[in-house]
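Please read the structure below before turning to the comments.
The values are calculated or read from the model by the stated rules, or taken from the named source; none is laboratory data. All of these numbers come straight from a predicted model, not from anything done at the bench. As a convention, Cβ positions derive from the backbone with ideal geometry for all residues, glycine included, and neighbour counts pool all protein chains shown.
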Amino acid sequence: MPQVWEVPLYPYRRSADQDARAPVRHPVVIVGAGPVGLVMAIDLALGGVPVVLLDENDRVSTGSRAICFAKRTLEILDRLGCGEPMVDKGVQWHAGRVFLDRRQVYAFDLLPEGGHRRPAFINLQQYRFEAFLVERIRALQAEGRPIDLRGANRVFAIDARDDHVSVTIDTPDGPYRIEADWLIACDGANSPIRTMLGLEFLGRTFEDNFLIADIVMAADLPSERRFWFDPPFNRGQSALLHRQPDNVWRVDFQLGRDIDKAEERKPENVIRRLRAFLGEKAEFELEWVSIYTFQCRRMARFRHGRILFAGDAAHQVSPFGARGANSGIQDADNLGWKLRLVIDGKAPGALIDSYDFERIQAADENILNSTRSTDFITPKSAVSRLFRDAVLELAEHRAFARPLVNSGRLSLPCTHDGSPLNGADADGLPARTRPGAPAADAPLGEDWLIDRLGGGFQLVTIDTPAPDRLDCDGIGVERVALSAADDPSRALAERYLGPADGAVYLVRPDQHVAARWRQFDEAEVRAAVARATARQ
């Protein structure tokens, strides 16, 4: 890893709270400055909500860890003002290939249609991802935004009350205490906050072990995802190869069960596996090594009074499919605007319950897909392996078998069907943009639809008249007036109109569709805003 990444990015500094005579109350305290906590803090601060972000470390993470960031995540980052540098630095990709032995049996394209600003995925090391987010926080602090990132502040006790949470923190100068109207736990898979509350995960832990080796290697290979079943260099198991920036490559080997983890981690044994894969003459350096097992689990609830859980602290999935960090960032995207409205007194506390409903729905979808991927990659019986191998053999020559190949279904945002926030749905409009769905991007001349949506309630009208702005009991709804003629590619019409000649969409601050109609009706829009903010 370059030396610059070993310099602390948020070193410990004594805060005024440590010298206060009584615990200082803060609107929001976030625990954990990983990707989810950093995104959560930026989102709230941009909305004017004062945030204290605590982390027991004083620097970004070590090792690549999460590397695949999906299109929806990039759109969220654009809204937060830090997507562009990540896309510029990351390795963009959309294609993948699946092999049995050394034969290609299947290829896929994750973004086969045009008309999207952002790529299907970028690969970017987590330490770089976090560094860009920390840089964004520093820029917001320079603008006077209310965000306080405190390194070397370890939370070791909490006391949950009806109207706040008391938080006790250890530092190099000793302990101190603060209070939070709301506490958001983004403190990872081994969440100390979850442990303090005595809360458990529900779900499955798989027994197979996998080895991650990030290596620095100059290689002229395409930027695509490559996955092998039963390769000659790892017989009976699987392997994965992916490019990252700066000539770093992610290599993932399935190891099986009942292994000696300490032995497998030894550099000489990792290098032996890599040489069997890459060839004896390959030149590379080890950057990071880790061994992990699959876990597909979640908490029974993500809200516990004034304490909210997000990211790996709330749910865990296998890394195949890139669902961990992406789903956690979507947790933050879902929670931020709701918490902001509640804090500002524009929505009841019940709105936070919809976070629980919608993100548990998303977690269950991710766990289902992740479990299916895991069962395909690591069959648990002779019959399952026979089925898996038959599918792979057929996929090489028979198109019907290719959708059954599952080397990790890649992350997609959840459509919140059945959400209590969903409003009216007009007949005849495309299913992909129904209430609960994330808004689909479309080109608008030199502009893009997603960029026009911003971070508030928007009334998107397509070839339909409506007021430029509505005030719905203190919640502003801004109109985005469009015409299908703005997009000669017809992507806007295909994604939002179908056979209709006009439509009106109410879009939430997290860019999910709340309701839609064929024409504007003020009473209907006001009712939909009330429903989307849990005021009806």
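Of all residues in region 306-319, how many are touching a Leu at 6+ places or on another chain (Cβ under 9 Å) and crowded, with 24+ Cβ neighbours inside 10 Å?
We begin by selecting, within region 306-319, every residue touching a Leu at 6+ places or on another chain (Cβ under 9 Å); these are 306-310, 314.
Within this subset, residues satisfying the condition of being crowded, with 24+ Cβ neighbours inside 10 Å are 308-310, 314.
Matching residues across region 306-319 total 4.
Take the residues of region 210-230 that are of a type outside the set (A, V, I, L, M) and surrounded by 20 or more Cβ atoms within 10 Å (Cβ to Cβ): which is farthest from Trp288 (Cα to Cα)?
Just the residues of region 210-230 that are of a type outside the set (A, V, I, L, M), to begin with: 210, 214, 220, 222-230.
After this cut, where a residue has to be surrounded by 20 or more Cβ atoms within 10 Å (Cβ to Cβ) as well, the list is 210, 214, 225, 227-229.
Details: Phe210: 14, Asp214: 5, Arg225: 19, Phe227: 20, Trp228: 21, Phe229: 24 Å.
Per the stated criteria, the residue is Phe229.
Could you list all residues from region 112-137 that are surrounded by 18 or more Cβ atoms within 10 Å (Cβ to Cβ), among the charged types (D, E, K, R) and in a helix (DSSP H, G or I)?
Arg128, Glu130, Arg136
What do you reckon, is Gly423 free of Cβ contacts under 8 Å to residues at least 40 places away in the same chain and either touching a strand residue (DSSP E or B) at 6+ places or on another chain (Cβ under 6 Å) or in the same structural domain as Gly311 (by TED's automatic domain parsing) (or both)? I'd like the intermediate steps shown before the answer.
Values: free of Cβ contacts under 8 Å to residues at least 40 places away in the same chain: no; either touching a strand residue (DSSP E or B) at 6+ places or on another chain (Cβ under 6 Å) or in the same structural domain as Gly311 (by TED's automatic domain parsing) (or both): yes.
No.
Cβ-Cβ below 7 Å, separation at least six or inter-chain, first residue in region 147-172 and loosely packed, with under 15 Cβ neighbours inside 10 Å, second acidic (Asp, Glu): which pairs?
Listed by first residue and then by second, the contacts come to Phe156/Asp170.
Hey, does region 402-420 have a residue that's in contact with a helix residue (DSSP H, G or I) (Cβ under 7 Å, 6 or more places away or on another chain) and without any contact (Cβ under 8 Å) to a residue 12 or more places away in the chain? Quick ask: steps written out before the conclusion?
Our first condition is that a residue be in contact with a helix residue (DSSP H, G or I) (Cβ under 7 Å, 6 or more places away or on another chain); within region 402-420, this holds for 402, 404-409, 411, 413-414, 416, 419-420.
Okay, now just the ones that are also without any contact (Cβ under 8 Å) to a residue 12 or more places away in the chain, so none.
No, every residue in region 402-420 fails to be in contact with a helix residue (DSSP H, G or I) (Cβ under 7 Å, 6 or more places away or on another chain) and without any contact (Cβ under 8 Å) to a residue 12 or more places away in the chain.
Is there a residue in region 280-293 that is basic (Lys, Arg) and not assigned by TED's automatic domain parsing to the domain that holds Ala66? Working first, answer last.
Narrowing region 280-293 to residues basic (Lys, Arg): 281.
Next, from what is left, pick out any that are not assigned by TED's automatic domain parsing to the domain that holds Ala66: 281.
Checked against the condition, which is being basic (Lys, Arg) and not assigned by TED's automatic domain parsing to the domain that holds Ala66, region 280-293 yields at least one hit.
Somewhere in region 247-261, is a residue of a type outside the set (Ser, Thr, Tyr), touching a Gly at 6+ places or on another chain (Cβ under 7 Å) and part of a strand (DSSP E or B)?
Taking region 247-261 first, the residues of a type outside the set (Ser, Thr, Tyr) are 247-261.
Add one more test, that the residue is touching a Gly at 6+ places or on another chain (Cβ under 7 Å), and what stays is none.
The answer is no, given that none of the residues of region 247-261 is of a type outside the set (Ser, Thr, Tyr), touching a Gly at 6+ places or on another chain (Cβ under 7 Å) and part of a strand (DSSP E or B).
If I go through region 484-497 residue by residue, how many of them are in contact with a helix residue (DSSP H, G or I) (Cβ under 6 Å, 6 or more places away or on another chain) and surrounded by fewer than 17 Cβ atoms within 10 Å (Cβ to Cβ)?
0
If the requirement is being touching a His at 6+ places or on another chain (Cβ under 7 Å) and at pLDDT below 95, which of these qualifies: Arg225, Arg235?
On the way: Arg235 fails: touching a His at 6+ places or on another chain (Cβ under 7 Å).
Of Arg225, Arg235, the one residue that is touching a His at 6+ places or on another chain (Cβ under 7 Å) and at pLDDT below 95 is Arg225.
Report every pair of residues separated by at least 6 positions or lying on different chains whose Cβ atoms are under 6 Å apart, first residue within region 56-75 and more than 17 Å from Ala33 (Cβ to Cβ), second of a type in the set (Gly, Ala, Ser) and assigned to a helix (DSSP H, G or I).
Leu74/Gly83
From (1) of a type outside the set (Val, Ile, Thr); (2) in contact with a strand residue (DSSP E or B) (Cβ under 8 Å, 6 or more places away or on another chain); (3) in contact (Cβ under 8 Å) with a residue 12 or more places away in the chain, pick out the condition that doesn't hold for Gly188.
(2)
Going by the structure shown, is Gln104 within 24 Å of the chain's Cα centre (by Cα) and not hydrophobic (A, V, I, L, M, F, W, C)?
Numbers: within 24 Å of the chain's Cα centre (by Cα): no; not hydrophobic (A, V, I, L, M, F, W, C): yes.
Spelling it out, it is not the case that Gln104 is within 24 Å of the chain's Cα centre (by Cα) and not hydrophobic (A, V, I, L, M, F, W, C).
Can you tell me which residue among Ala500, Ala514, Ala481, Ala523 is free of Cβ contacts under 8 Å to residues at least 12 places away in the same chain and either of a type in the set (Gly, Ala, Ser) or surrounded by 21 or more Cβ atoms within 10 Å (Cβ to Cβ) (or both)? Don't jump to the end; show me each part of the working.
Details: Ala500 fails: free of Cβ contacts under 8 Å to residues at least 12 places away in the same chain; Ala514 fails: free of Cβ contacts under 8 Å to residues at least 12 places away in the same chain; Ala481 fails: free of Cβ contacts under 8 Å to residues at least 12 places away in the same chain.
After ruling out the rest, the residue left standing is Ala523.
Kindly provide the set of residues from region 57-69 that are within 21 Å of Arg225 (Cβ to Cβ) and either modelled with pLDDT of 95 or more or touching a Leu at 6+ places or on another chain (Cβ under 7 Å) (or both), ordered by number.
To start, the set of residues in region 57-69 that are within 21 Å of Arg225 (Cβ to Cβ) comprises 63-69.
Listed by number, the residues that qualify are Ile67, Phe69.
Can you work out which of the residues in region 231-240 that are surrounded by 18 or more Cβ atoms within 10 Å (Cβ to Cβ) and out of contact with any Pro (no Cβ under 9 Å at 6 or more places or on another chain) is nearest to Asp101 (Cα to Cα)?
To start, the set of residues in region 231-240 that are surrounded by 18 or more Cβ atoms within 10 Å (Cβ to Cβ) comprises 231, 234, 237-240.
Okay, now just the ones that are also out of contact with any Pro (no Cβ under 9 Å at 6 or more places or on another chain), so 231, 234, 240.
Numbers: Pro231: 4, Asn234: 9, Leu240: 13 Å.
Within region 231-240, the match that is nearest to Asp101 (Cα to Cα) is Pro231.
So, restricting to strands (runs of 3 or more DSSP E) that lie completely within region 1-111, which ones have at least 1 residues that are of a type in the set (Phe, Trp, Tyr)? Before you say what the answer is, go through the steps one by one.
Values: elements: 24-31, 51-54, 68-70, 91-93, 95-100, 103-109.
Here the list reads 68-70, 91-93, 95-100, 103-109.
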